1. Consider region A:6-50. How many of its residues are of a type outside the set (S, T, Y) and assigned to a loop (DSSP other than H, G, I, E, B)?
2. A:F136 passes all but one of (1) surrounded by fewer than 17 Cβ atoms within 10 Å (Cβ to Cβ); (2) closer than 30 Å to A:Y33 by Cβ; (3) aromatic (F, W, Y); which number fails?
3. May I ask you to list pairs of residues, at least six apart or on different chains, whose Cβ atoms are under 8 Å apart, with the first in region A:89-101 being within 7 Å of another protein chain (Cβ to nearest Cβ) and the second being modelled with pLDDT under 95?
4. Kindly check whether there is at least one residue in region A:199-219 that is part of a helix (DSSP H, G or I), modelled with pLDDT of 95 or more and farther than 17 Å from A:F165 by Cβ.
5. Determine if region B:79-89 includes at least one residue that is on the phi > 0 side of the Ramachandran plot and within 14 Å of the chain's Cα centre (by Cα).
6. Among the residues of region A:111-131, are any of a type in the set (S, T, N, Q) and out of contact with any Pro (no Cβ under 9 Å at 6 or more places or on another chain)?
7. Determine, yes or no, whether A:V158 is within 15 Å of A:R114 (Cα to Cα), in the same structural domain as A:L116 (by TED's automatic domain parsing) and not aromatic (F, W, Y).
8. Restricting to region B:8-21, name every residue that is under 18 Å from B:N83 (Cα atoms) and over 15 Å from the mean Cα position of the chain (by Cα).
Protein chains: 2
Amino acid sequence: MAENEGKVKLLGCWASPFSRRVEMALKLKGIPYEYLEEALPNKSPLLLELNPIHKKVPVLVHNDKILPESHLILEYIDQTWSNNPILPQDPYEKAMARFWAKFIDEQILTVGFRSLVRAEKGREAAIEEAREKFAFLEKEVTRKNFFGGKTIGFVDMVAGSIIPFCLARLWEGMRIDVIPEDEFPELNRWIKNLKDIESMRECIPHREKQIEHMMKVSERYKLA
Amino acid sequence: MAENEGKVKLLGCWASPFSRRVEMALKLKGIPYEYLEEALPNKSPLLLELNPIHKKVPVLVHNDKILPESHLILEYIDQTWSNNPILPQDPYEKAMARFWAKFIDEQILTVGFRSLVRAEKGREAAIEEAREKFAFLEKEVTRKNFFGGKTIGFVDMVAGSIIPFCLARLWEGMRIDVIPEDEFPELNRWIKNLKDIESMRECIPHREKQIEHMMKVSERYKLA
């Protein structure tokens with residue numbers, strides 16, 4: 001059996017940006033897969049068996065291979081199914097794609113989450129910090145359709161699942177605009193480009209359902 | 001100029017396991033490089049210029065290319081200089097190498113650091129948790145010379161810089177044995193294998209100097 005043949009299963013959760021980006025890659029590559037929704041926070045025995053260390057979605061199962069963690073899964077998918085490449089081949093460009101993906105998951109997401117949980121003063125500081133971080137990304141997408149260049153790639157999937165289709169909706173629910181168009185014209189252009197891609201739209205959560213969900217999460221975590 | 005030609009510079013710090021592992025890879029590949037020691041916590045203007053986002057060592061400069069973050073640097077080195085490969089070629093094995101490297105940097109290092117900073121009761125809990133995590137690694141190296149198999153690879157460099165040549169020395173300074181030989185025979189065998197490799201020994205900090213340094217760090221961070 002060729003490396004890219006066989007059965008693909010994805011354990012995910014509709015509200016998880018980490019699951020969303022894996023579906024984006026599978027759809028972009030045209031890989032047929034079975035999707036198993038995890039009703040978090042009640043983790044299925046299958047999830048605990050497949051990912052005993054982290055106990056988290058997403059988990060990709062390809063034949064007898066079990067892969068946790070979205071960045072690893074995206075790289076595995078890209079190396080195994082080489083059509084519609086999502087990572088650059090050049091070692092330096094590849095390193096930079098990994099750098100920005102990590103920056104988004106570690107820095108943007110963390111500060112975005114802080115804007116949710118802190119009291120007003122801390123929230124303002126978190127939003128200010130988020131804008132400072134967005135300024136780095138604004139430069140990255142300047143004069144490009146996508147982070148990856150002309151076509152959607154690794155950083156677009158990571159950033160897309162976190163920024164427009166997670167944090168921006170959270171901030172919409174909180175009635176604050178953290179990425180205003182006049183301050184971040186290039187990021188807003190990039191968001192529009194993403195929304196134009198059908199395989200992207202198919203993977204993102206329903207807007208109102210997600211805002212409602214995030215407002216509930218926000219209430220649960222809000223600190224004094 | 002071929003991709004793997006030209007000048008290589010490394011900005012590092014003797015006490016940083018993240019710098020140590022990059023030197024390991026450079027030595028293993030036989031890549032000539034200039035080493036610039038950063039006298040942390042006073043960061044040089046060059047470091048701040050080259051790594052404006054994270055402001056951290058290590059930074060690798062290869063001709064006009066600037067690479068921060070040890071995992072990205074190791075992958076870049078391996079793709080650019082293909083002799084003595086450190087990452088497997090197979091997509092699944094590669095994903096697993098990345099998985100364990102991340103596990104060590106995120107889970108083992110975090111819990112190790114917690115064993116340092118917490119008061120006695122919390123410290124015991126952190127050590128217990130560290131042992132639970134080491135049990136996963138004990139399985140990984142069973143019947144293998146190295147994490148990568150017969151020869152030293154990516155996970156060995158990441159794990160080597162953190163476990164025997166950082167945390168174990170810290171615990172030695174605290175007079176506790178978190179990885180006793182009878183409980184973790186395979187991990188201890190792996191540590192001995194690492195110590196036998198000359199290019200590894202050349203990259204690790206001087207033992208007494210490091211223990212003294214870590215005990216100072218420990219005093220600074222100790223919590224009530």
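The values are calculated or read from the model by the stated rules, or taken from the named source; none is laboratory data. These numbers were taken from a predicted model, which means no experiment stands behind them. Quick reminder, even Gly has a Cβ in these numbers, built from the backbone with ideal geometry, and neighbours come from all protein chains shown.
1. Step one: filter region A:6-50 for residues of a type outside the set (S, T, Y), giving A:6-15, A:17-18, A:20-32, A:34, A:36-43, A:45-50.
Within this subset, residues satisfying the condition of being assigned to a loop (DSSP other than H, G, I, E, B) are A:6-7, A:13-15, A:30-32, A:38-43.
Adding up the residues that qualify gives 14.
2. (2)
3. A:P91/B:E3
4. No: zero hits.
5. no
6. To start, the set of residues in region A:111-131 that are of a type in the set (S, T, N, Q) comprises A:115.
From the residues that got through so far, the ones that are out of contact with any Pro (no Cβ under 9 Å at 6 or more places or on another chain) too are A:115.
Yes, region A:111-131 contains a residue that is of a type in the set (S, T, N, Q) and out of contact with any Pro (no Cβ under 9 Å at 6 or more places or on another chain).
7. Working: within 15 Å of A:R114 (Cα to Cα): no; in the same structural domain as A:L116 (by TED's automatic domain parsing): yes; not aromatic (F, W, Y): yes.
No: the conditions fail for A:V158.
8. B:V8
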